[in-house]
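The values are calculated or read from the model by the stated rules, or taken from the named source; none is laboratory data. This structure is a prediction, so every number in the text was calculated from the model and none was measured. Note that each Cβ is placed from the backbone with ideal geometry, even for glycine, and that neighbours are counted across all protein chains shown. Protein only, heavy atoms only, side chains kept; ligands, DNA and RNA dropped before computing areas. Shrake-Rupley method; radii C 1.70, N 1.55, O 1.52, S 1.80 Å.
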Amino acid sequence: KPIDALKGSLVPAALFLASNSLYYIALSNLSAPVFQVTYQCKLVATAVTSAILLNRRYSLQQWICITVLSLGVAIAVIGEENAQKGKTGIAKDANVNNRVGVTAVALACLFSALAGVYFEKVLKENAGILRSGPGQYEPQHQQQQQQPPSLWIRNMMLAFFSLVLGFVHGVVSERAATGSPKPYFYGFNGMVWVQVSLLAFGGLLVAGVIT
């Protein structure tokens with residue numbers, strides 16, 4: 001159904017696009033180690049959003065681990081803030097704003113977590129998997145009127161919307177920045193394609209885990 005396609009693919013595709021765009025802002029304003037640490041906020045955001053959208057229950061030990069992880073991220077951010085304040089003269093990069101970077105990576109983690117949890121919710125709803133109790137799922141085959149799209153079909157739909165939105169965003173942003181857009185794959189070298197391949201393989205792993 002067209003509405004199901006829009007609801008199950010366009011929404012997470014837009015969220016993933018926003019998340020990936022914010023990562024560029026974060027990387028431009030944070031050092032690589034701090035970015036890697038703050039990126040772990042995605043685990044916290046995923047836990048919170050899954051608890052809200054999927055009514056998933058976590059044990060006390062799991063919440064303690066999430067809290068400790070959050071404290072570790074906060075300590076790293078404070079340390080980076082102090083390091084930036086301690087720089088003087090040429091050593092300090094005027095184009096780097098630590099607060100902008102942290103805000104960008106926090107929003108990116110939130111959007112990415114929302115997209116992933118929402119996509120999981122749509123998959124389980126379409127498969128007739130309804131919640132029968134806290135933290136449990138129960139199949140309801142009697143309520144299925146037709147065979148829902150497979151996970152791989154859903155992934156192809158998500159990839160299609162992601163490609164369309166990403167292409168439009170890339171062309172528009174490049175034109176706004178330079179006035180004359182360069183070729184779409186301008187600057188893509190071997191290392192870039194390796195990174196693209198790793199991200200694509202990671203997406204396949206996520207699909208396998210959900211299955």
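Do you know which residues across the stretch 16-62 are open to solvent by 40 Å² or more (accessible area, probe 1.4 Å), without any contact (Cβ under 8 Å) to a residue 24 or more places away in the chain, under 20 Å from Gly116 (Cα atoms) and in a helix (DSSP H, G or I)?
Tyr24, Gln36, Ile52, Gln62
With the condition kept exactly as written, say whether any residue in the stretch 97-120 is modelled with pLDDT under 65, surrounded by 10 or more Cβ atoms within 10 Å (Cβ to Cβ) and of a type outside the set (S, T, N, Q).
No: zero hits.
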